[in-house]
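Participant: Encoded as structure tokens, here's the structure I'll be asking about.
The values are calculated or read from the model by the stated rules, or taken from the named source; none is laboratory data. Keep in mind it's a predicted model, so treat the numbers as computed, not measured. Methodologically, a virtual Cβ is constructed for each residue, glycine included, from the backbone with ideal geometry; neighbour enumeration extends over all protein chains shown. Remember, those area values only see protein heavy atoms, side chains included, never the ligands or the DNA or RNA. Shrake-Rupley method; radii C 1.70, N 1.55, O 1.52, S 1.80 Å.
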Amino acid sequence: LIGVPLALVAGRRFARPLADIALAARNIARGEHPTFPFSGIPDVDRLAADLRGMHEQLADRFEGLRRRQSETAAIVDSMVEGVLSFDERGRVVTANPAARRMLGYGEQDALPELGLLFRAKEPRELLDRVLGGETVADREISLGDRTYLLNARPLPAGGSVVVLHDLTRLRRLETVRRDFVANVSHELKTPLTAISGYAETLLKIGRA
């Protein structure tokens, strides 16, 4: 008769802090701020201290991951190359400002899936192959009046990443250079012919 009430009191003394510890663990799993109990029971308080230490370690790791993610996002957003990533179904996961500008989309525009994102047939076919597991390296594509160098590779967890480099200015400079060389060659052809004729005439006079 005496032991039963004592057992009930002892059970309640252990049960309440254990329930609080279980609630703290659930809050950690949900990403909410946990409250760790103090019961005065050494074993229970040790368990609570271990859980608190685990929570602090997880918080530090998540903060480090968020910081690295923010740094990576800032680097990608500042790149002049267009960078896009897709999931395994071809849906856009990320697209930096340069990629949106190259593809003709505004910063706030919703981006369609891969099948509709590129308005030209060639890049759509290339990226379908990438989603199938292939790697595409240094392929020139045309989008409207602009030329881009496309590199794409599948991601280990599924999906793909695509990098676009604008070659339009370089190709225009190459065209200007070729036209300049052709024009200079044409302009020099007549004077060189005349000089060659004079030289032959002088040689004949000298021999005579």
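Participant: Could you pull out which residues in region 96-112 have an amide N less than 15 Å from a spot 7 Å beyond the Cα of LEU173, following the Cα-Cβ vector?
Facilitator: The answer is none, because no backbone nitrogen lies closer than 15 Å to the label point.
Participant: Could you run the Karplus curve 6.51 cos²θ - 1.76 cosθ + 1.60 with θ = phi - 60° over region 157-169 and give me ³J(HN,Hα) per residue in whole Hz, x for Gly and Pro?
Facilitator: So the J values, rounded to whole Hz, are 8, x, x, 7, 10, 10, 10, 10, 10, 6, 9, 4, 5.
Participant: Gain in length, ALA22 to ARG153, computed as 0.36 nm per residue apart minus the alpha-carbon separation, to one decimal in nm? Working shown, then result.
Facilitator: Working: separation 131, 0.36 × 131 = 47.16 nm, distance 4.45 nm.
Length gained between ALA22 and ARG153: 42.7 nm.
Participant: Suppose R0 equals 30 Å. What FRET efficiency, 1/(1 + (r/R0)^6) with r the Cβ-Cβ distance, do VAL93 and GLU56 give to the nearest 0.05?
Facilitator: Working: r = 31 Å, r/R0 = 1.04.
FRET efficiency, VAL93 to GLU56: 0.45.
Participant: Another one. Can you tell me how region 105-161 classifies by the Cα gyration tensor, rounded, prolate or oblate, using a/c under 1.5 as the rounded cut? Write down the numbers at each step before the final one.
Facilitator: Values: a/c = 1.92, a/b = 1.20, b/c = 1.60.
Here region 105-161 falls in the oblate category.
Participant: Still on this structure, I have one more. Can you sort MET102, MET79, MET54 by 1.4 Å-probe accessible area, starting with the largest?
Facilitator: So the residues, ranked largest to smallest area, are MET54, MET79, MET102.
Participant: Projected onto the charge dipole of region 114-159 (+1 at Lys/Arg Cβ, -1 at Asp/Glu Cβ, origin at the Cα centre), which of VAL130, LEU149, PHE118 gives the Cα projection farthest towards the positive end?
Facilitator: Ranked along the dipole, the leading option is PHE118.
Participant: I would also like to ask the following. Which loop trypsin sites (Lys or Arg not before Pro) in region 65-140, with loop taken from DSSP, have no more than 16 other Cβ atoms within 10 angstrom of their Cβ?
Facilitator: On the way: sites: ARG66, ARG67, ARG68, ARG89, ARG91, ARG100, ARG101, ARG119, LYS121, ARG124, ARG129, ARG139; in loops: ARG89, ARG91, ARG119.
Within region 65-140, the qualifying trypsin sites (Lys or Arg not before Pro) (loop, at most 16 other Cβ atoms within 10 Å) are ARG89, ARG91, ARG119.
Participant: Further question on the same structure: Would you kindly find the accessible area of GLU122, with a 1.4 Å probe and non-protein molecules such as ligands, DNA and RNA excluded, rounding to the nearest 10 Å²?
Facilitator: Roughly 80 Å² of GLU122 is accessible to a 1.4 Å probe.
Participant: Under a 5 Å amide H to amide H cut-off, with H placed in plane at 1.01 Å, what residues pair with LEU143 once short-range neighbours are removed?
Facilitator: TYR148
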